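The values are calculated or read from the model by the stated rules, or taken from the named source; none is laboratory data. Here the structure is a predicted model, which is why all the values come from computation and not from measurement. In this analysis, Cβ positions are derived from the backbone assuming ideal geometry, glycine residues included, and neighbour counts consider all displayed protein chains. Keep in mind that these areas ignore ligands, DNA and RNA; they rest on the heavy atoms of the full protein, side chains included. Shrake-Rupley method; radii C 1.70, N 1.55, O 1.52, S 1.80 Å.
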Amino acid sequence: MRVISTVSEFQSALDQARLSKTVGLVPTMGYLHDGHASLIVRAHSENDFVAVTVFVNPLQFGVSEDFSTYPRDLDRDVELARQAGADVVFAPTINEMYPDYPEALPTKVSVSKLSEVLDGKSRPGHFDGVATVVAKLFAMAGRVSAYFGEKDFQQLAIINQMAADLSFPVKVIGCKTVRETDGLAASSRNVRLSEDDRQAALILYKALQLGKGLIESGENNSITVARAMESLIKCEARAELDYATCVDPKTLLVPDVIRNDVQLLVAAKFSNVRLIDNVKANFSEPNTRAGSGFQNNNVVKADSLRLERG
Ligand code: PAF
């Protein structure tokens with residue numbers, strides 16, 4: 001497996017591979033974990049050649065965010081990428097990607113609407129930074145299948161929209177969230193959680209399960225579902241809630257009444273480590289549901305999950 005750091009080497013490696021092979025691309029910010037490994041394994045199973053990019057993109061971090069403390073370990077990333085089946089790791093310097101950095105890049109890719117809600121509200125400019133760097137990587141990579149985790153659900157929706165709107169010859173593939181055995185979604189930021197915060201962070205997945213249980217048992221009021229998830233997260237004193245919500249998976253807007261499958265999303269900080277997570281909730285018409293209406297035994301009661309304040 002090769003490790004390369006210049007744009008021209010990256011372009012020629014992929015052009016060369018494409019002469020006889022299909023190419024999979026896994027863009028990352030490094031500090032690879034099991035979630036990234038699963039993307040690389042999937043890319044390897046569906047393509048003859050896999051390129052992993054490792055680049056902590058300064059454009060997607062706000063001034064008060066964790067760009068400088070974001071975990072980095074290229075040697076470890078290279079080893080994990082190799083074991084998962086990568087053929088090349090592209091790890092450029094900041095100046096290779098943005099020659100005039102730290103001067104602002106005059107060109108910016110911005111996906112309206114989808115970038116303005118949820119994390120876009122709490123992290124202004126974040127998704128412009130993501131869309132810009134991913135557009136650059138797609139422009140360098142050419143015709144590939146690109147793999148992204150569903151844990152970053154809003155990011156995936158934005159990248160899908162951007163790739164379609166700008167006609168990149170890229171097939172964007174969303175891959176299932178990888179979870180630790182207790183439900184915590186794999187994230188490079190998890191290593192920065194203290195043991196207490198790591199335990200407390202489980203509240204996010206519990207809240208998502210609560211919301212999912214409510215919807216799949218017949219609750220069709222999105223505000224009721226959001227409030228139940230919010231209340232549960234607020235019971236965890238270590239969690240600083242950003243949002244807990246229920247949205248249409250395509251528009252990312254909150255439906256008044258739930259009439260189709262929805263995506264439940266949560267975001268909270270634990271001692272300054274910001275975590276996000278989401279799950280899909282399947283909606284079915286009351287008469288097609290197992291059992292009848294609200295008698296369903298699968299109802300997850302908020303009380304049964306409530307935590308005592310520590
Ligand atoms: O999900 C990430 O790791 C990053 O946001 C991405 C897509 C690699 C862009 O920097």
So how exposed is LYS212, as accessible area in Å² (1.4 Å probe, rounded to 10)? 50 Å²
Over region 36-140, the quotient of the Cα radius of gyration and 2.2 N^0.38 Å is 1.18
Kirkwood-based shape ratio for the chain, expressed as Rg/Rh from alpha carbons: 0.99
Simple spin-label estimate for LEU202 and GLU79 in nanometres, 7 Å along Cα-Cβ: 2.9 nm
In Å, the Kirkwood hydrodynamic radius of region 189-230 over pairs of distinct alpha carbons? 11.4 Å
Send over a whole-number figure in Å² for the accessible area per residue of region 1-58, probe 1.4 Å. 41 Å²
Report, in listed order, any pair from LYS171/LYS234; LYS176/LYS234; LYS121/LYS206 with a Cα-Cα distance greater than 29 Å. LYS171/LYS234
Report in % the part of the accessible area of the chain that belongs to carbon and sulfur, leaving out ligands and nucleic acids; probe 1.4 Å. 48 percent
About the Cα centre of the chain, what is the dipole size in debye to 20, counting +1 per Lys and Arg Cβ and -1 per Asp and Glu Cβ, all else neutral? 460 debye
Of ARG42, ARG189, which has the most accessible area with a 1.4 Å probe, and how do the rest follow in descending order? ARG42, ARG189
At R0 = 30 Å, how high is the FRET efficiency between PHE67 and ALA164 if r is their beta carbon distance? Nearest 0.05 is fine. 0.55
Quick one: of the DSSP bridges fully inside the chain, what percent are antiparallel, nearest 5? 50 percent
Heavy-atom surface of region 62-167, accessible at 1.4 Å and reported per residue (Å²): 49 Å²
By accessible area with a 1.4 Å probe, ligands and nucleic acids excluded, highest first: order of LEU19, LEU275: LEU19, LEU275
Between MET1 and THR251, what FRET efficiency comes out of the Förster formula 1/(1 + (r/R0)^6) with R0 = 45 Å and r the beta carbon distance, rounded to 0.05? 0.65
LEU204: accessible area at probe 1.4 Å, nearest 10 Å²? 10 Å²
Not counting ligands, DNA or RNA, and with a 1.4 Å probe, what is ARG82's accessible surface area in Å² rounded to the nearest 10? 120 Å²
